[in-house]
1. If residue 121 passes every condition in (1) part of a strand (DSSP E or B); (2) under 16 Å from residue 14 (Cβ atoms); (3) at pLDDT below 95 but one, which one does it miss?
2. Take the conditions touching a strand residue (DSSP E or B) at 6+ places or on another chain (Cβ under 9 Å) and closer than 24 Å to residue 32 by Cα and apply them to residue 77. Does it pass?
3. Please work out which residue is farthest from the chain's Cα centre (by Cα), limiting yourself to the stretch 68-81 and to residues that are surrounded by fewer than 11 Cβ atoms within 10 Å (Cβ to Cβ) and at pLDDT below 90.
4. Name, by its number, the condition in (1) part of a loop (DSSP other than H, G, I, E, B); (2) modelled with pLDDT under 90; (3) loosely packed, with under 13 Cβ neighbours inside 10 Å that does not hold for residue 33.
C-alpha cells in the first residue's frame, strides 16, 4: 500500500436524523481530518455546534485498490465490510467497481450525539 499515490475523494451524500443545535434552524457541516490535515466547508462554526463524530477505516478500501482490479463488470461487488467496534458503520458497507473505479459506500453512525447518520462514498483518484 505504500506505493499508492493519489487522492482520496470523500463525497458526503446526505445526513439523516441529525441533531438540531440552533433554535431556529440548523446548518450541519462536515469536517474531515486525516493526520494533521482538516478540510471543511466554508461555514463558520463554534464548539457548541458539535453534531457528532465518526471514524472510518480505509484499510479494506486501500487493500482492494492496491489489487489493481480492472475491467470488472460495472456494479461488481468486491468486498463487504461489516459494522464492528472498530468502525462507525451503521450497516454493511460495499466496496464495488463502478464506472471504471473502485468505490465504497458507507452509512456512518455518529458518536457523541443523541442521533444521526451520514452517508458517504469514498473513491481513489490516482495521481500520475
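The values are calculated or read from the model by the stated rules, or taken from the named source; none is laboratory data. Note that this is a predicted model, so its numbers are computed, not measured. Here the Cβ positions follow ideal geometry from the backbone for every residue, glycine too, while neighbour counts run over all protein chains shown.
1. (3)
2. Working: touching a strand residue (DSSP E or B) at 6+ places or on another chain (Cβ under 9 Å): yes; closer than 24 Å to residue 32 by Cα: no.
Judged against the criteria, residue 77 is not a match.
3. 71
4. It is condition (1) that residue 33 fails.
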